[in-house]
Amino acid sequence: MAHRGLNFGIFLAPFHRLGENPTLGMARDLELIEWIDHLGFDEAWVGEHHSAGWEIIAAPEIFIAAAAERTKHIKLGSGVTSLPYHNPFMVAQRFVQLDHMTRGRTMLGCGPGALPSDAYMLGIDPVTQRTRMVESLDAITALLKGEEPVTMKTDWFELNKARLHLAPYSDPRFEIAVASTITPFGMMAAGRHGLGVLSIGAGIPGGPEALAGQWKIAEEEAAKHGKTVNRKKWRVVVVMHIAEDTEQALREIHHGERTETATYFQDTLGRPPGRSDDPIRDGVKMGTTLVGSPDVAIKGIERLLELSGGGFGGVMFRAHEWANREQTLRSYELFARYVMPHFQGSMETLYASNAFTRENRREVVGRNVEAVRRAFTDTGREVPKGFEDRTLGIQDVGVDGKSEASKA
C-alpha cells in the first residue's frame, strides 16, 4: 500500500567517536546535510549537547546558519534546544533571526535536556527540568504570537513587558516541535500548545506499539487547552541503514554500532548492557530498526504507520557513523531512490502510465506503422527491406512480450 506526502529527514545529535578529529566530524555533518538536500530529503534536526565527548554540537543555531548557506530546499531545526539552559526571550529572538536568514526554512525543536552531565555543570536539578521546559515554552509561544507584551516571573527567569522587535518571517511563525521519548511528558507539552512532536522513543523495543497511545495523550491534552494537534506535524525517529541486501547492510554497521553502544552509552553514560549481542538484527525482526534492503525499509515504515493508529507526517533517521563514509552516503542515496518514492506518491502515475502503454500497445502503436510507411512512399522512395517485419513486430507484440506471429 502506498502513502502520499510522507516527509523524510535526519536527527543529527551528532554522534562522533571519541578520539576522532572533531573539526572533521562537524565538516562531515555539514556534508551529510548538503548530500541529503541534493537527494530530496525534507528536514534535518540538529542537537544541542555540552558534555560527554561524543555529541559535539553545542549551538545548533550556528550550525543551522552554516548549513542554510550550503543548501537550497531542506528545512533545518534544532533537535533539540534544551530550553532550561536558556532564557526563553533569547531562544525566541535567535530563532526568529534564523527564520529570516533561511527564508522560512527554520524549525525549533524543544526538550528539557538529555544529558545529566550538562545539567550538573549548569547547576540545574534534573527534577526541575521538565517544569522549566513547560514554563519556557509558555513564554516562547506567547512572545511569538506577539499580541501583547509578556510579563512572567519564575524561579529561574523573569520577563518584564517583553516583546520581540522582529516578527517571524514565517506566517504566523516557524514550526515548533517537542521531543517525546517514552513518558507522557513530551506529548502533553505538545498538546498544551498544539505543537508538533518528535517521537524519539519510536525506535526502542516497545516503541512502535506505544505510538497510538502516545498520540492519544497529545490529543487529550490539546483538547483540555482548546488546541488541536496535527498528525502531519508528528515525526517518528528510528535507525536506518540501507544496502543492496539485508545481510550486507547488517555487516556494514555491526562494528560501528557495537563500538558506539559499548563505549558511549554503556561505559560513559552508564546505561546497562542490552540483552542481545546483536540488537540491530533483533530490531529488524521486531520492526523497530530499518536496516537492510529497500524492501525491508518499506515494510518497516508501513508497519510503523499501521501501529500509529492513523499515520504520521514524517520519519527521521538517527544519523550515525556506524558504516564508513562511502557506505553511509550510499545508504541515503538508496533510500532516496527506492524507498522515498513509495511514500511520496511519485511512482503511482508512472506505473499507471507504463501499464496503460503495455496493455494498449496495438491500439496505440497501430497507426504508427502506416505513418512510417508513408514517410517513404509519399516521397517516392522505396520502403527498406525488412520494414514490414520490424514494424509489424512492434505493432503485433502482445502484453506478454511475444508477437502475434510467434504465437501462430
message: Every residue in the stretch 125-152 that is more than 19 Å from residue 107 (Cβ to Cβ) and either in a loop (DSSP other than H, G, I, E, B) or among the polar types (S, T, N, Q) (or both), please.
response: 125, 128, 129, 131, 147, 148, 149, 151
- prompt: Which of the residues belonging to the stretch 201-236 are within 21 Å of residue 174 (Cα to Cα) and in contact with a strand residue (DSSP E or B) (Cβ under 6 Å, 6 or more places away or on another chain)?
  reply: 233, 234, 235, 236
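Counting only residues that are basic (Lys, Arg) and farther than 18 Å from residue 247 by Cα, which one in the stretch 300-346 is surrounded by the most Cβ atoms within 10 Å (Cβ to Cβ)? Explain how you work it out, then say what you get.
Of the stretch 300-346, the ones basic (Lys, Arg) are 303, 318, 325, 330, 337.
Applying the additional criterion that residues be farther than 18 Å from residue 247 by Cα yields 303, 318, 325, 337.
Working: 303: 15, 318: 17, 325: 11, 337: 13.
Per the criteria, the residue is 318.
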query: Can you find a residue in the stretch 177-198 that is surrounded by fewer than 20 Cβ atoms within 10 Å (Cβ to Cβ), touching a strand residue (DSSP E or B) at 6+ places or on another chain (Cβ under 7 Å) and either under 22 Å from residue 84 (Cβ atoms) or not assigned by TED's automatic domain parsing to the domain that holds residue 304 (or both)?
result: no
task: Out of the residues in the stretch 114-150 that are at pLDDT 95 or above and loosely packed, with under 12 Cβ neighbours inside 10 Å, state the one that is farthest from the chain's Cα centre (by Cα).
output: 148
query: Any idea how many residues of the stretch 150-184 are touching a residue at least 60 places away in the same chain (Cβ under 8 Å) and within 26 Å of residue 261 (Cα to Cα)?
result: 2
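Could you tell me how many of the residues in the stretch 89-107 are touching a helix residue (DSSP H, G or I) at 6+ places or on another chain (Cβ under 8 Å), within 10 Å of residue 77 (Cβ to Cβ) and outside any helix (DSSP H, G or I)?
Our first condition is that a residue be touching a helix residue (DSSP H, G or I) at 6+ places or on another chain (Cβ under 8 Å); within the stretch 89-107, this holds for 89, 91-92, 94-96, 98, 101-102, 105-106.
With within 10 Å of residue 77 (Cβ to Cβ) added as a condition, the list becomes 95, 98, 105-106.
This time we only want the ones that are outside any helix (DSSP H, G or I), so: 105-106.
Qualifying residue count, the stretch 89-107: 2.
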Considering residues of the stretch 153-185 that are among the aromatic types (Phe, Trp, Tyr) and in a loop (DSSP other than H, G, I, E, B) only, the residue farthest from residue 217 (Cα to Cα): 169
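Suppose we filter the stretch 8-48 for residues that are outside any helix (DSSP H, G or I) and either within 15 Å of the chain's Cα centre (by Cα) or not assigned by TED's automatic domain parsing to the domain that holds residue 58 (or both); how many remain? Outline the logic, then answer.
To start, the set of residues in the stretch 8-48 that are outside any helix (DSSP H, G or I) comprises 8-21, 40-48.
When the remaining residues are screened for being either within 15 Å of the chain's Cα centre (by Cα) or not assigned by TED's automatic domain parsing to the domain that holds residue 58 (or both), the result is 8-14, 40-47.
Adding up the residues that qualify gives 15.
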Spans of helices (runs of 4 or more DSSP H) in the stretch 257-343 with at least 2 residues at pLDDT 95 or above: 294-307, 325-338
field: Close pairs (8 angstrom Cβ cut-off, 6 or more residues apart or separate chains): over 21 Å from residue 184 (Cα atoms) in the stretch 118-147, among the basic types (Lys, Arg) and part of a helix (DSSP H, G or I) anywhere
entry: 124/132
task: Answer with yes or no whether residue 20 is acidic (Asp, Glu) and crowded, with 20+ Cβ neighbours inside 10 Å.
output: no
query: Do the conditions hold for residue 331, that is, is it without any contact (Cβ under 8 Å) to a residue 40 or more places away in the chain and polar (S, T, N, Q)?
result: no
statement: For the stretch 253-299, the count of residues that are out of contact with any Lys or Arg (no Cβ under 6 Å at 6 or more places or on another chain), over 20 Å from residue 53 (Cβ atoms) and in contact (Cβ under 8 Å) with a residue 24 or more places away in the chain equals 18
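The values are calculated or read from the model by the stated rules, or taken from the named source; none is laboratory data. The shown structure was predicted, so the numbers you read here are calculated from the model rather than taken from an experiment. As a convention, Cβ positions derive from the backbone with ideal geometry for all residues, glycine included, and neighbour counts pool all protein chains shown.
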